[in-house]
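The values are calculated or read from the model by the stated rules, or taken from the named source; none is laboratory data. All of these numbers come straight from a predicted model, not from anything done at the bench. Here the Cβ positions follow ideal geometry from the backbone for every residue, glycine too, while neighbour counts run over all protein chains shown. The protein model used for the area step is the full one, side chains on, heavy atoms only, and it has no ligands, DNA or RNA in it. Shrake-Rupley method; radii C 1.70, N 1.55, O 1.52, S 1.80 Å.
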Amino acid sequence: MGLFSKIFHLFESNTPHHQLLDSYAQIHSLAKQLRRELRLLRRLQKQLILQKKSALGEKTGQLGLQKTIFVEEELLGKLRVLGKKAEERFSTAYETIGQSQPTSKLEQEEVERVIKYLKKVQSLISPFSSFSSLSAADKLLVVETELREVTKLSQEFYKTERYEQELARSVLEHEISPLLRKLYLAPEKKIFPGSGAESLLTFTLSPRQLRQLEQEAQKVNRCQDPRYRISWQRWWRDIQQPEKDKATMLHDPHINVTVKLFGSKKKDVHLLLRD
């Protein structure tokens with residue numbers, strides 16, 4: 001269940017309606033424009049990091065690159081699909097002008113919600129002409145800030161989409177599995193020699209346990225209990241996969257997850273898969 005899954009489902013379930021012609025056209029236009037602008041921003045971010053890397057070292061800018069990878073890995077592709085589907089619905093709906101079937105209220109509401117989200121994303125992006133007078137360092141700061149804000153806004157949109165039908169309730173302590181309890185209470189602390197005080201929390205589990213953890217995360221997060229939260233770095237993925245992360249000293253492929261249980265402080269844990 002990725003970004004825009006609800007509107008994609010409604011598009012597949014309902015016949016395009018001529019009353020939504022303007023909305024389909026607006027979604028197509030916004031999605032196409034945002035995809036172009038965000039692709040350019042992401043490209044500029046990489047170029048600026050490469051320039052800085054040559055002067056200041058390998059890790060410079062890598063954290064910001066990881067924090068905004070959602071834009072490249074998920075959002076750009078979904079905007080392409082969204083724009084294409086909206087264009088197809090516009091063409092079909094145009095041919096049905098004058099037909100009397102009622103429009104879907106659910107689709108109309110979701111179309112309006114998506115347009116509102118796209119406009120908010122648009123408002124976060126500065127005109128490229130405004131970068132011309134900035135230094136390279138300031139450009140990178142502005143670009144990274146904007147991409148982070150786009151990511152944050154998208155995550156809120158996604159969470160609303162995923163959990164809007166769920167009633168908030170408290171998580172009962174006995175609902176926390178031994179696996180999740182052990183992950184939070186007893187991760188291994190890995191210290192890197194020669195790196196000063198740098199250390200990371202790691203936890204090794206099997207692919208089967210990872211699938212169990214993904215399912216449990218959904219159940220915990222649906223409760224919307226502020227004392228409990230499981231957040232994946234690749235939060236838009238239903239199935240998590242280990243990857244190398246240049247922003248840390250842990251070179252083994254891993255999965256980043258942030259866990260908060262029992263009202264205590266959150267912990268950033270790096271999951272390692274065993275065969």
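Descriptive notes on the structure:
- Ordering of 87-95, 139-147 by packing [mean C-beta count within 10 Å, highest first]: 139-147, 87-95
- Scalar couplings 3J(HN,Hα) for region 245-250, obtained by applying the Karplus form with A = 6.51, B = -1.76, C = 1.60 to θ = phi - 60°, are 10, 5, 7, 10, 8, 7 Hz; x denotes Gly and Pro.
- Based on Cα contacts under 8 Å between residues 6+ apart, the chain shows a relative contact order of 21 percent.
- HN-Hα J in Hz across region 263-275 - Karplus 6.51, -1.76, 1.60, θ = phi - 60°, x for Gly and Pro: x, 8, 5, 6, 10, 8, 10, 9, 8, 10, 8, 10, 6
- Ser29/Ser104 FRET efficiency (R0 35 Å; Cβ-Cβ; nearest 0.05): 0.95
- Between Arg39 and Gln155, full extension at 0.36 nm per residue minus the direct alpha carbon distance yields a gain of 39.9 nm.
- On a per residue basis, the convex hull of the C-alpha atoms belonging to the chain measures out at 151 Å³.
- Applying 0.36 nm per residue to the separation of Thr145 and His9 and subtracting their alpha-carbon distance, the gain on full extension is 45.8 nm.
- Counting only protein chain heavy atoms and rolling a 1.4 Å probe, the accessible areas of Ser264, Ser104, Ser132 rank, largest first, as Ser132, Ser264, Ser104.
- Solvent exposure ordering (accessible area, 1.4 Å, most first) of Asp22, Asp245: Asp22, Asp245
- Among the listed pairs Lys152/Lys190; Lys84/Lys152; Lys67/Lys267; Lys67/Lys159; Lys139/Lys267; Lys219/Lys265, a Cα-Cα separation exceeding 22 Å is found for Lys152/Lys190; Lys84/Lys152; Lys139/Lys267.
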